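Shown next, in structure tokens, is the structure this report addresses.
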Amino acid sequence: MIRTILVDDERKGRLTLRKMLEKYCIDFTIIGEADNITDAKKIIETRLPDVIFLDIEMRIGTGFDLLEEFDNPFFSVVFVTAHSNYAVKAFKYSATDYLLKPVDADDLKRATSKIRKLLRDGIVLKQSNRLGDFLTLRIKGSMLNVSADEIVHLEAEGSYTKIHMINNEKQVLSVNLGMVEEKLNKKYFIRVHRSHILNITHIKKIARPDSMYAEMTDGSKVEISRRNRIILFDAIKEWEKK
């Protein structure tokens, strides 16, 4: 079941979308509807949806105003609007898709397919622009907010990624390390080995026994490949300048 909320100030628009979801996307279960931003915010906070289908122009405010109420959205957003001129702005708000009214069935199927993939893969939903940002992870069907500076290093385990955090806590994402790497701030999170990304702010020391490795603040040792050493050292130098 994919928990779904519809936000549109026109009852007809909500009804049409509800019928289409029930016909073409039966795994999308509508757990709430709202015709204004205030009610929508309350429903989102209490019902915790996986996705909201969101109109843009409403009688009072816009869909963007609703998203501004959430510093770190834990849900995916599909905009549903009669106006094509908001598309660029919509994707700046990390929209999963942008559907024009009247909604085409094939477009809706493509949008919901994207949502399914996001939920299945457990992808990082919020990109980190600074080390201090929070990342929203989907782990075993639950949403977890993680501060980027709490991540010590990340390790590939086949098609999965193990996240080593402070206090020796570990989380596992059902996506590969490369997909997670795309969402991390590369000033601080450096790929040092094909199986390892480390947070340079958590390096205690770099040693060289038989092979070079970094000793991290959680006590773990992360191997550094020969080809990645220069990249790591350059990143450390830049960080130390700050």
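For the chain, with the dipole built from +1 on Lys and Arg beta-carbon atoms and -1 on Asp and Glu ones, taken about the Cα centre, which of 159, 15, 5 lies farthest toward the positive end?
Towards the positive end, the residue furthest out is 159.
Only four residue types carry charge here, +1 at the Cβ of Lys and Arg and -1 at the Cβ of Asp and Glu. Report the dipole size of region 134-241 about the Cα centre in Debye, rounded to the nearest 20. Please list the in-between numbers first.
Working: 18 positive and 14 negative charges, 54 e Å.
Roughly 260 debye, rounded to the nearest 20.
Would you kindly calculate the translational diffusion coefficient of region 16-72, applying Stokes-Einstein with the Kirkwood radius from alpha carbon pairs, for 4 °C and a viscosity of 1.567 mPa s, and quote it in µm² s⁻¹ without decimals?
Details: Rh = 12.3 Å.
So the translational diffusion coefficient is about 105 µm²/s.
Using a simple charge model, +1 on the beta-carbon of Lys and Arg, -1 on the beta-carbon of Asp and Glu, nothing else, what dipole does the chain show about its Cα centre, in debye to the nearest 20? Display every interim value, and only then the final one.
Values: 41 positive and 36 negative charges, 156 e Å.
Dipole magnitude for the chain comes out near 740 debye.
Contour minus end-to-end for residue 104 and residue 12, with contour as 0.36 nm per residue of separation and end-to-end as the Cα-Cα distance? Please list the in-between numbers first.
Details: separation 92, 0.36 × 92 = 33.12 nm, distance 1.56 nm.
Additional length available on full extension: 31.6 nm.
Assuming 0.36 nm per residue, please report the length gained on full extension of the stretch residue 64 to residue 92 beyond their Cα-Cα distance.
Full extension from residue 64 to residue 92 adds 9.0 nm.
Give me the net charge for the shell around residue 13: Cβ to Cβ below 14 angstrom, other residues only, Lys and Arg +1, Asp and Glu -1.
0
Expressed as an acute angle from 0 to 90° and rounded to the nearest 10, what is the orientation of the C-alpha long axis of helix 37-47 relative to the principal long axis of the chain?
60
In a Debye calculation with equal point scatterers on the alpha-carbon sites of the chain and no solvent, what is log10 I(q)/I(0) at q = 0.09, 0.11, 0.14, 0.16 Å⁻¹?
At q = 0.09, 0.11, 0.14, 0.16 Å⁻¹ the computed log10 ratios are -0.47, -0.65, -0.90, -1.06.
Using θ = phi - 60° and the Karplus relation 6.51 cos²θ - 1.76 cosθ + 1.60, list the HN-Hα couplings for region 172-188 in order, rounded to whole Hz, with x at every Gly or Pro.
10, 9, 8, 9, 6, 4, x, 5, 5, 4, 4, 9, 9, 6, 6, 6, 10
Using a Förster radius of 35 Å, what is the FRET efficiency between residue 205 and residue 160 based on their Cβ-Cβ separation? Nearest 0.05, please.
Step by step, r from the Cβ atoms, then E = 0.75.
May I ask for log10 I(q)/I(0) of region 2-121 at q = 0.12, 0.18, 0.22, 0.23 Å⁻¹, from a Debye sum over the Cα atoms as equal point scatterers with solvent left out?
-0.36, -0.88, -1.44, -1.62
Counting pairs of alpha carbon atoms under 8 Å apart in space and at least six apart in sequence, what relative contact order in percent does region 134-241 give?
On the way: 183 pairs, mean separation 20.7, N = 108.
It rounds to 19 percent for region 134-241.
Towards the positive end of the charge dipole of the chain, with charges on Cβ (+1 Lys, Arg; -1 Asp, Glu), say which of 144, 219, 56 has the farthest Cα.
So the residue we want is 219.
Remind me, relative contact order of the chain in percent, using alpha carbon pairs under 8 angstrom and six or more residues apart? Walk me through the numbers on the way to the answer.
Numbers: 429 pairs, mean separation 25.9, N = 242.
Dividing the mean separation by the residue count of the chain yields 11 percent.
Measure up 89/237; 92/186; 170/237 against 26 Å on the Cα-Cα distance and list the ones that go over.
Among 89/237; 92/186; 170/237, the Cα-Cα distance tops 26 Å for 89/237; 170/237.
Using only Cα atoms, tell me the angle between helix 11-24 and the longest principal axis of the chain; keep it within 0 to 90° and round to the nearest 10.
Here the helix axis deviates by roughly 60 degrees.
The numbers here are math on the coordinates, done by the rules we state, and not lab data. Because the structure is a prediction, the values reported are computed rather than measured. Every residue, glycine among them, receives a Cβ derived from its backbone with ideal geometry; neighbour counts consider all protein chains shown.
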